[in-house]
Ligand code: PLP
């Protein structure tokens with residue numbers, strides 16, 4: 001199998017799987033239990049928190065573990081809307097966010113908030129100036145992702161934070177950094193975001209674990225009252241539910257492995273992306289979509305050939321790429337639509353995404369299969 005869909009999810013390294021298994025078998029205590037294996041499990045969770053917080057460049061006490069990036073996004077958005085409720089009900093986000101941000105924003109619209117959805121330019125970019133133009137006295141939340149999952153575009157979080165500061169805005173800044181964590185280096189303490197969402201399975205951890213980083217402007221005491229999950233008070237009262245110790249151990253191990261060879265991995269992915277660009281754009285009929293700078297995501301289009309057919313054809317040959325976010329499951333992508341791409345370009349979009357394991361030979365196989373597809377299948381009329 002040739003796996004070129006690392007933005008959807010990533011393979012779990014053997015060492016991570018071993019850590020998960022060891023935790024399940026040997027450290028199965030409940031971190032809230034008062035005896036030996038309970039205390040060991042508690043210490044394990046706290047070590048995991050330190051590892052992930054360190055990789056994020058923040059303090060462990062400000063990191064809340066969640067069940068996934070989606071939960072982190074939902075929590076951040078609800079929490080910011082709640083914290084700002086005496087200031088206003090206006091939210092700014094982008095039209096190209098993941099549905100884990102767009103859907104909670106739509107829910108808040110139903111509950112009386114108004115939401116401005118910033119449109120990207122034709123290359124998929126959003127600017128800090130757009131945020132400045134949309135900012136209002138009653139804006140309580142700005143939610144802009146760090147890296148777009150379908151184009152690889154990196155959004156200017158630092159500049160957006162500067163815009164909020166210089167306007168004296170009370171709005172909290174949330175970033176969905178699920179595709180940016182350990183792909184586009186940043187530090188939580190200097191990025192300027194108040195809330196940062198990440199997910200384990202995009203960096204070699206098991207699915208079902210994520211984290212939300214709460215910056216100093218987030219009122220954690222207030223947030224507890226509006227935790228998505230209320231119950232036994234785990235995660236400092238911010239996210240009840242018995243801690244998923246095995247997943248957390250896997251998350252921390254995956255972070256450790258990535259961090260140990262981060263510079264090499266980033267340089268490797270960037271080189272593979274450059275190679276893919278050259279090989280794929282050399283195919284007659286293939287164009288680039290967007291100008292995403294993240295090292296692991298490249299969007300192209302085989303113009304006029306429906307991407308659902310391409311994905312199926314490649315899949316039959318053991319090559320995994322996607323037609324956009326895995327969450328669309330075949331529906332047209334709101335991201336490519338928002339970029340106003342010509343219909344025939346939009347129809348043929350493929351997202352190719354890389355990991356530290358990707359080889360040039362994987363790209364060669366993809367390029368050959370795409371050429372075959374072009375030469376043997378009918379384009380749309
Ligand atoms: N945000 C972005 C940008 C993503 O790419 C994804 C996953 O595809 C998510 C959020 C959701 O993360 P999870 O799958 O951990 O819920």
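Bear in mind that the values in this text are calculations on the coordinates, not laboratory data. For clarity, every value in this text was computed on a predicted model and none was experimentally measured. In this analysis, Cβ positions are derived from the backbone assuming ideal geometry, glycine residues included, and neighbour counts consider all displayed protein chains.
Pull up the DSSP beta bridges for the chain and report the antiparallel fraction as a percent, rounded to 5.
Roughly 50 percent of the beta bridges in the chain run antiparallel, per DSSP.
Tell me whether segment 193-280 comes out rounded, prolate or oblate; compute the Cα gyration tensor, take square roots of the eigenvalues as a ≥ b ≥ c, and use a/c under 1.5 as the rounded threshold. Note, shape of segment 193-280 comes out prolate. From the alpha carbon centroid of segment 312-381 to that of segment 46-74 is 33 Å. Counting only DSSP beta bridges with both residues in segment 1-159, the antiparallel share comes to about 10 percent.
Where both bridge residues fall in segment 69-145, DSSP classifies roughly 0% of the beta bridges as antiparallel. To the nearest ten degrees, helix 14-26 and the longest principal axis of the Cα atoms of the chain are 30 degrees apart. When only alpha carbons are used to place a centre, segment 206-220 and segment 94-166 end up 19 Å from one another.
Helix 262-281 sits at what angle to the longest principal axis of the chain, using alpha carbons and giving 0 to 90 degrees rounded to 10? Taking Cα atoms only, the helix is inclined about 30 degrees. The residue 137 and residue 111 beta-carbon pair, evaluated with R₀ = 22 Å, returns a calculated FRET efficiency of approximately 0.60.
Quick one: grab the alpha carbon gyration tensor of segment 14-259, order the square roots of its eigenvalues as a ≥ b ≥ c, and give me rounded if a/c is under 1.5, else prolate or oblate depending on whether a/b is larger than b/c. Prolate, because a/c is 1.5 or more and a/b exceeds b/c. The angle between the Cα long axis of helix 360-376 and the longest principal axis of the Cα atoms of the chain comes to about 50 degrees, rounded to the nearest 10.
Assign one of three labels to segment 81-124, namely rounded, prolate or oblate, based on the Cα gyration tensor with a ≥ b ≥ c the square roots of its eigenvalues; rounded applies when a/c is under 1.5, prolate when it is not and a/b is larger than b/c, and oblate otherwise. Judged from the Cα gyration tensor, segment 81-124 comes out prolate (a/c at least 1.5, a/b above b/c). Taking label positions 7 Å along the Cα-Cβ direction at both residue 364 and residue 39, the computed distance is 5.8 nm, reported to one decimal.
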